[in-house]
1. Would you be able to tell me the number of residues in region 250-279 that are in contact (Cβ under 8 Å) with a residue 24 or more places away in the chain and under 22 Å from the mean Cα position of the chain (by Cα)?
2. Within region 181-202, how many residues turn out to be among the aromatic types (Phe, Trp, Tyr) and under 14 Å from Pro153 (Cα atoms)?
3. Within region 93-121, take every residue that is touching an Asp or Glu at 6+ places or on another chain (Cβ under 6 Å) and part of a strand (DSSP E or B) and give me the one that is surrounded by the fewest Cβ atoms within 10 Å (Cβ to Cβ).
4. Which of the residues spanning region 236-273 are over 20 Å from Gly207 (Cβ atoms) and in contact with a strand residue (DSSP E or B) (Cβ under 8 Å, 6 or more places away or on another chain)?
5. Out of Phe180, Phe217, Phe229, report the one residue that is buried (at least 22 other Cβ atoms within 10 Å of the Cβ) and either in the same structural domain as Ile294 (by TED's automatic domain parsing) or among the β-branched types (Val, Ile, Thr) (or both).
6. Anything in region 156-185 that is of a type in the set (A, V, I, L, M, F, W, C) and over 18 Å from Tyr230 (Cα atoms)? List them, or say none.
7. If you check Phe168 against the conditions, is it within 21 Å of Tyr138 (Cβ to Cβ) and more than 15 Å from the chain's Cα centre (by Cα)?
Amino acid sequence: MVKFRRGHGGETKQGIKHGFIGRNILLTLILSGLLIGIFVLTKQKFFNLATSKPEKEDFFFTNYGYDSIDPKKRYFLPSSTTGELVHHKYYSLSYNEKYEQAEWVSYVLTKESLRAENVKRHDRFDPDVRVKTRSAIYHDYLSSGYTRGHLAPAADMAFNDDAMKESFLMSNISPQKKEFNNGVWNELEENTRNWAWKNGIVYIATGPVLTDNIRDFIGKNRVGIPDYFYKIILDADDPDRKAIGFLLPNEISTEPLSKYAVTIDSIESVTGIDFFRDFLTKDEQTKLESGFDINKWPFNPDLYTKRIEVWNKQ
């Protein structure tokens, strides 16, 4: 069979026009398909990013003392009353959409991370795109009379740029009175860093007490104003395993920090959160959550003096 080859000059004007239109339609279909594919893949990636469970490489690295942590104790995740868990590189949280803030933030603080040279403070509050329901935003706090209080402190996350930026995500922020944030809350954070330095590694869970008693809100997204904040510190290593909790009213204080020390059981009762359910055995939980020895958590008296004379007045 003879195959006829169309010559370059053998097409009519109409045929050229139809061929041109056909090629344009084909090209448009191909580009549309590529754009749809990119959109689907991007959406799926974002969904997986927001809902996936934490992976070891996302949390613990060979620097900052994390590699010395028992692999069985690397995932410190309290129970969630909302079911919306969000995982970042250096902390996890359970987000409460009703009050537009985390009900807890959990992380590990090590002596090695505190020993590292501090990076520059970030000071830019960004929304947390990993929160499926969307987090509060910077403008929710403008002219509200409340500060953007860190749950995982920026000073705890100052060992590298990623950690510092994560600490300024709005999911890590809760509305605090200025005198509370600058004063007794600041003193507790400073003492917690001292305890991490002394013990090598401590596990921390901290957050607002979010209950139906909250009646005041700020911002377009209606961020609830907590009456109380808590912090739980656990030294899980032998031979001197210990834990302590603190429950503080969201207001100025002249009382010593020891007044606010409480059992972890008591914090669980007011929050409905089981802090060590998958982290400690039942016997360990009973022992560490039901009591504490205040003498094993020494307070720096200079910090209390500084709070009374300086921080409370800022």
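The values are calculated or read from the model by the stated rules, or taken from the named source; none is laboratory data. Note that the structure is predicted; figures quoted are calculated from it, not measured. Cβ atoms come from the backbone with ideal geometry, glycine included; neighbour counts cover every protein chain shown.
1. 13
2. At the first step, the residues of region 181-202 found to be among the aromatic types (Phe, Trp, Tyr) are 185, 195, 197.
From what's left, under 14 Å from Pro153 (Cα atoms): 185.
Residues in region 181-202 being among the aromatic types (Phe, Trp, Tyr) and under 14 Å from Pro153 (Cα atoms): 1 in total.
3. Of everything passing the filter in region 93-121, Asn96 is surrounded by the fewest Cβ atoms within 10 Å (Cβ to Cβ).
4. Matches in region 236-273: Asp237, Arg241, Lys242.
5. The unique qualifying residue is Phe229.
6. Of everything in region 156-185, those that are of a type in the set (A, V, I, L, M, F, W, C) and over 18 Å from Tyr230 (Cα atoms) turn out to be Met157, Ala158, Phe159, Ala163, Met164, Phe168, Leu169, Met170.
7. Numbers: within 21 Å of Tyr138 (Cβ to Cβ): yes; more than 15 Å from the chain's Cα centre (by Cα): no.
Considered against the rule, which asks whether it is within 21 Å of Tyr138 (Cβ to Cβ) and more than 15 Å from the chain's Cα centre (by Cα), Phe168 comes out as no.
Every residue, every condition in (1) at pLDDT below 95; (2) among the basic types (Lys, Arg); (3) touching a Ser or Thr at 6+ places or on another chain (Cβ under 6 Å), yes or no:
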| position | (1), (2), (3) |
| --- | --- |
| Ile218 | no, no, yes |
| Ile225 | no, no, no |
| Phe229 | no, no, no |
| Leu234 | no, no, no |
| Ile244 | no, no, no |
| Phe279 | yes, no, no |
| Glu284 | yes, no, no |
| Thr305 | no, no, no |
